[in-house]
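Structure, as structure tokens:
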Amino acid sequence: MSILVARNLEKHFGGLAAVSDLSFELNQGEILSLIGPNGAGKTTVFNCLCGALPLDAGEVILQGRSIRGLEPFEVCRRGMVRTFQVVRPFLNVSVLDNVLIGAMSRHGRFAAANKEAVRVIEFLGLGKYTKAHAHSLPLPLRKRLEMARALATGPGILLLDEVMAGLNPTEVDELIGLIREINHRGTTILMIEHVMRGVMALSERVIVLNYGAKIAEGTPQEVVAHDGVIEAYLGKEFAHAHGNRS
Amino acid sequence: MTRLSFLLGFCFCVLLGLPLVLDKYLLGLFIMTFYYAYLGQSWNLLTGYTGHVSLGHALYVGVGAYTTTFLAQKYGLSPWLGMIAGGFLASVIGLFVGFLGFRFGLRGVYFVILTIAFAEIARIVVSHIEALGSFSGIFLDFNPGFLNFQFKGNVPYYYISLGFMTASVIAARAIETSRIGRFLVAIREDETAAQALGVNTFKYSMIAIAISAFMASLAGAFYANFIFYLQPNQVFGMSLSIELILRPIIGGLGTALGPILGSFILTPLSEISRAYFSKGGFEGLHLILYGVLTVLVVLFMRKGILHYVKRALSPLLRLQR
């Protein structure tokens, strides 16, 4: 069952087509990855899905209802929340207060929100930083904080924008485990990712964008064997390394 | 936290007792200190906590002062009621300014210009309204009495302004720890991120400007009945807008006590240095002193003096941070 449907999305910046005629469906409970070279329009897709940018054409259906004209905060309340590629923590407040903002948008009562925030912070392994100011955290932890805030809103769909970029292999592996766990607990995930290790390990399906258009869609194995994808994005070495070329 | 409350309680008790020992001049100095602390707090709610920089807060002071005075002179309405009316009028005007700024995404300097423009428009409009005394302003009749908000001597004004200031600290603290306050801070820190996390940033920005304008206008009503003279350039003027933001900046933006500390430093400094320098024939020199102090704080104590005072006192008060 599709929890999110994108139909013929179009977004132009001046003469540049950032997203052109893009359609896809996100199924309840799956992990879907959006990959492609820099400038392919991946983050623009996120911005359009969340209501941060108005679409030029097309439609986004979230849980059976169009989100046309909704503002980002309303999309969030409908159960779809995103993280930012360049993390945007509230720097001058504590980790707890950061996560509380997310939790409070769902829980009206402060005590309930606080409990939820603490739970999410523990879940993401930020427990000992609860009272630390966000500006004191290094990048890997800021990325986790970014995820914690989003998770605290209790989303049905979590949009992750390059949460693995800039992490070392150990940190990537930890994050793979964490994202899998979030997914197991019932959150559908759509992620933009360049770290192919993460994409291959997590995704049930992959969509490849180039110049704003979909050039391939399928299982990770199908996609990395796709001529157009190798041409546009992965390069020949990657295909050989994964042994999918015959 | 209890020790901090104890210290603050002690300071409050000292302030309560001061009129027993102070003369009229010094009482007046304290009244102005409380007055600017309170005004700074009103601005602090919008700018310190929420991050929307207003450089036209005199607008709300002027609206409060003129509304109260007009209603009292024309209809005999007690300033205690008049200032509530002025407060609501200021809120409505604030909401309009906020609507233009927040709905159309005016940020940073563009919002600043918007606030200045409205304050200047109000100053010029009031300067041309005959019923409001136009350029020459309004002199208030002196009819002492509690209902008239007018008193002989400075002691009643002292307690009223102390009450205003104290209430503003309690209100700021209550907002700070509430759900709304946390949303306001999130807007200040990163509006886009706050939106993405489900915060209706427009609504909460509007709430902030409405409360801020209401508070500032009450100060205007107080000013009118303390000074007994209103003139557009004084209550709507740019210099008041600047004057009232210096205290929270120096004391500490986005903190409940910052505007108070800032006012206790700046207001006496300004008064005493003005008196001192004028005697020596150097009128206006106190403004330079003022400017230098502001620059030093902005350069070297960016978090405001309160931050450093807290740090110095933290072993004594067992503060968390």
Arrange the following residues from fewest to most other Cβ atoms within 10 Å of their Cβ: A:Ile157, B:Ile180, A:Ile192. B:Ile180, A:Ile157, A:Ile192
Could you rank the peptides B:210-222, A:161-173 by their average count of other C-beta atoms within 10 Å per residue, with the highest value first? B:210-222, A:161-173
Under Karplus coefficients 6.51, -1.76 and 1.60, residue-wise ³J(HN,Hα) of the range B:130-135 in Hz, glycine/proline x: 4, 5, 9, x, 5, 4
Which value, in debye to the nearest 20, describes the size of the charge dipole of chain B about its Cα centre when Lys and Arg Cβ atoms bear +1, Asp and Glu Cβ atoms bear -1, and nothing else is charged? 900 debye
Treat the count of other C-beta atoms within 10 Å as a stand-in for reagent exposure and order B:Trp80, B:Trp43 from fewest to most. B:Trp80, B:Trp43
For A:Tyr129, what charge total do you get from the other residues with a beta carbon under 14 Å from its beta carbon, if Lys and Arg give +1 and Asp and Glu give -1? +3
Looking at B:Gly220, B:Ala85, B:Ala193, which one has the Cα that reaches farthest to the positive end of the dipole of the range B:2-317 (charges on Cβ: Lys, Arg +1; Asp, Glu -1)? B:Ala193
Taking the Cα centroid of the range B:1-64 and of the range A:24-48, what is the distance between the two, rounded to the nearest whole Å? 52 Å
quick note, the protein assembly as shown, DSSP beta bridge pairs, % antiparallel (nearest 5) is 60 percent
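Once every DSSP H run of n ≥ 4 in chain B is given -39500 (n - 2.57) and the sum is divided by its residues, what mean residue ellipticity at 222 nm do you get, rounded to the nearest 500 deg cm²/dmol? Before the final figure, lay out each step's value.
Working: 14 runs with 229 residues, N = 321.
-24000 deg cm²/dmol, from helical runs alone.
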Shape of the range A:78-198, Cα gyration tensor, a/c cut at 1.5: oblate
Interchain or long-range residues, amide H under 5 Å from A:Ile3's placed H: A:Leu26, A:Asn27, A:Gln28
Most packed first (mean Cβ within 10 Å per residue), the peptides B:31-42, A:56-67, B:223-234, B:130-141 order as B:31-42, B:223-234, A:56-67, B:130-141
Mind putting together the pair-distance distribution for the range B:2-317? All Cα pairs, 20 Å bins, whole percent per bin, short to long. 32, 60, 9
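When DSSP beta bridges are limited to those with both residues in chain A, what percentage is antiparallel, rounded to the nearest 5? It would help to have the intermediate numbers written out before the result.
Working: 21 of 37 bridges.
Antiparallel bridges: around 55 percent, rounded to the nearest 5.
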Can you list the lysines whose alpha carbon sits under 24 Å from that of A:Lys115, skipping same-chain ones fewer than 8 residues off? A:Lys128, A:Lys131, A:Lys143
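Hey, could you grab the Kirkwood Rh for the protein assembly as shown? Inverse mean 1/r over distinct alpha carbon pairs, Å, one decimal.
Numbers: mean 1/r = 0.0376 Å⁻¹.
About 26.6 Å, per the Kirkwood formula over Cα pairs.
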Are there any helices in chain B, counted as whole DSSP H runs, that stretch 20 Å or more along their axis by Cα and score at least 1.0 on average by Kyte-Doolittle, and if so which? B:2-17, B:79-98, B:109-127, B:201-227, B:238-251, B:285-300
Number of Lys-Lys pairs in chain B under 28 Å by Cα, sequence gap 8 or more or different chains? 4
Return the whole-Å distance between the Cα centroid of the range B:85-164 and the Cα centroid of the range A:193-246. 64 Å
If you count, for every residue in B:239-247, the Cβ atoms of partner chains within 10 Å of its Cβ, what is the mean? 0
Expressed as an acute angle from 0 to 90° and rounded to the nearest 10, what is the orientation of the C-alpha long axis of helix A:110-123 relative to the principal long axis of chain A? 50 degrees
If neighbour count is taken as other Cβ atoms inside 10 Å, put A:Glu217, B:Glu191 in order from fewest to most. A:Glu217, B:Glu191
Sorted by chain and number, the residues with a modelled amide H under 5 Å from that of B:Phe151, at a separation of 5 or more or across chains, are B:Gly145
For the residue pair B:Ile242 and A:Ala132, what label-to-label distance in nm results when each label sits 7 Å from Cα along the Cα-to-beta-carbon direction? 4.3 nm
Which value at 222 nm does chain A reach when only helices count, each DSSP H run of 4 or more adding -39,500 (n - 2.57), with the total divided by all residues and rounded to the nearest 500 deg cm²/dmol? -10000 deg cm²/dmol
Once the dipole of the protein assembly as shown is set up from charges on Cβ (+1 Lys and Arg, -1 Asp and Glu), the residue from the list A:His12, A:Ile61, B:Phe111 lying farthest towards its positive end is B:Phe111
How high is the relative contact order of the range B:2-317? Use alpha-carbon pairs under 8 Å, at least six apart in sequence, and give a whole percent. 32 percent
Radius 14 Å from Cβ of A:Ile61, net charge of other residues (Lys, Arg +1; Asp, Glu -1): +2
Within 10 Å of each Cβ of B:88-95, how many other protein chain Cβ atoms are there on average? 0
Between A:Ala213 and residues 5 or more places away or on another chain, the pairs with built amide H atoms under 5 Å apart involve A:Ser20
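Please compute one quarter of the surface area of the Cα convex hull for the range B:1-111 and express it in square nanometres. Please list the in-between numbers first.
Working: hull surface 40.9 nm².
The directionally averaged projection comes out at 10.2 nm².
The numbers here are math on the coordinates, done by the rules we state, and not lab data. The shown structure was predicted, so the numbers you read here are calculated from the model rather than taken from an experiment. As a convention, Cβ positions derive from the backbone with ideal geometry for all residues, glycine included, and neighbour counts pool all protein chains shown.
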